[in-house]
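Since the structure comes first, as C-alpha cells, the remarks are kept for the end.
Nothing in this text is a laboratory measurement; each read-out follows from the coordinates by a stated rule. The model shown is predicted, which means the values in this text are computed figures rather than measured ones. Counting neighbours? That spans all protein chains shown, and the Cβs are built from the backbone with ideal geometry, glycine included.
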Amino acid sequence: MAEVTLEPVGRERRLTLTNLFQFYVHDFSEQWFDRPEGELGEDGRLQEYDLLDNYWTEPRHEALLIRADGRLAGFALVNAYSHSGLPLDYAIAEFFVARKHRRDGVGQAAALAVIGPRPGLWELAVARRNIGAQHFWRRVAAQLAGEAVEELDQNDERWNGITLRFRVG
Ligand SMILES: CC(C)(COP(=O)(O)OP(=O)(O)OC[C@H]1O[C@@H](n2cnc3c(N)ncnc32)[C@H](O)[C@@H]1OP(=O)(O)O)[C@@H](O)C(=O)NCCC(=O)NCCS
C-alpha cells in the first residue's frame, strides 16, 4: 500500500483544490440526475465550489491535500458545520480520493490521519445515494470509536442521508 501523507493547503495552492474539485463534483453529479446541480458550463467545466475561500479566512476550517507515495491523490476539508444541528467540534466537509488511487486503503489511511489527531466530537454526513462512501465512513468511524458511533438517519431540511457522530480522544 502507498504511504499516505497529508499536507496543509495554503492559499497559493488554491488552484490545485479548484482543479481537484472538478473531479469531485463530477463524481457527485452522477447522483444528481434528478437535480439541477452538476451541469457543465459552456467552457466544459463544472461550477466552482463557492465556499472554498472560507478555508483560508474562517476559523475552524482546514484544507489538506492527500498524497500517496508523494503523489497528489485527493483532499480533505475539515470544518465545524453540523448537518445534524447537534453540537460538535469537527466535521468532514468534503473528502476525495482520485480514482487512480481508490480501493487501495488511501482514503482510510488519510481519514484516520485527519481525524485521529484531532480530539473532540466529530460528525460525518454522507448523502443517501452515496452508498460507497457510507460503507467507507462507517468503517473509518468504527476504527476510531468502535461501538460508540452514533448513526442518525436524517431526511430533513438540513440533510438527506446518514450522519455518523463519535468522540475521538
Ligand atoms: C469514498 C472514497 C473517499 C473512498 O476512498 P478509497 O481510497 O477508495 O477508500 P479505501 O480504499 O481506503 O477503502 C476502505 C474501505 O472502505 C470501504 N469502501 C471504500 N469505497 C467503497 C465503495 N465504493 N463501495 C463499498 N465500500 C467501499 C471498503 O470496506 C474499503 O475496504 P476494501 O477496499 O478492503 O473493501 C472515494 O471513493 C471517493 O473519493 N469517492 C468520491 C467522493 C466521495 O464520495 N467522498 C466522500 C464524501 S462523504
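The residue list GLY70, ILE92, ALA127 was ranked by how far each Cα lies along the charge dipole of the chain toward its positive end, using unit charges on Cβ atoms, and GLY70 comes out on top. Pairwise Cα distances in the range 50-143 exceed 20 Å for 36 percent of all pairs. Mean residue ellipticity, 222 nm, helices only, the chain: the sum of -39500 (n - 2.57) across DSSP H runs of n ≥ 4, divided by residue count and rounded to 500, is -8000 deg cm²/dmol. Between ALA142, ASN160, VAL25, the Cα set farthest toward the positive side of the dipole of the range 4-168 (charges on each charged residue's Cβ, about the Cα centre) is that of ALA142.
Applying 0.36 nm per residue to the separation of LEU112 and ARG139 and subtracting their alpha-carbon distance, the gain on full extension is 8.7 nm. Here the dipole of the range 4-168 is about 660 debye; that uses its Cα centre as origin and unit charges on the Cβ of Lys and Arg (positive) and Asp and Glu (negative).
Each of ARG167 and ALA2 was given a label point 7 Å from its Cα along the Cα-to-Cβ line. The distance between the two points is 3.6 nm.
When Rg and the Kirkwood radius Rh are both evaluated on Cα atoms of the range 27-70, their ratio Rg/Rh stands at 1.09.
Taken along its three principal axes, the alpha carbon spread of the chain comes to 47, 38, 33 Å, from the longest extent down to the shortest.
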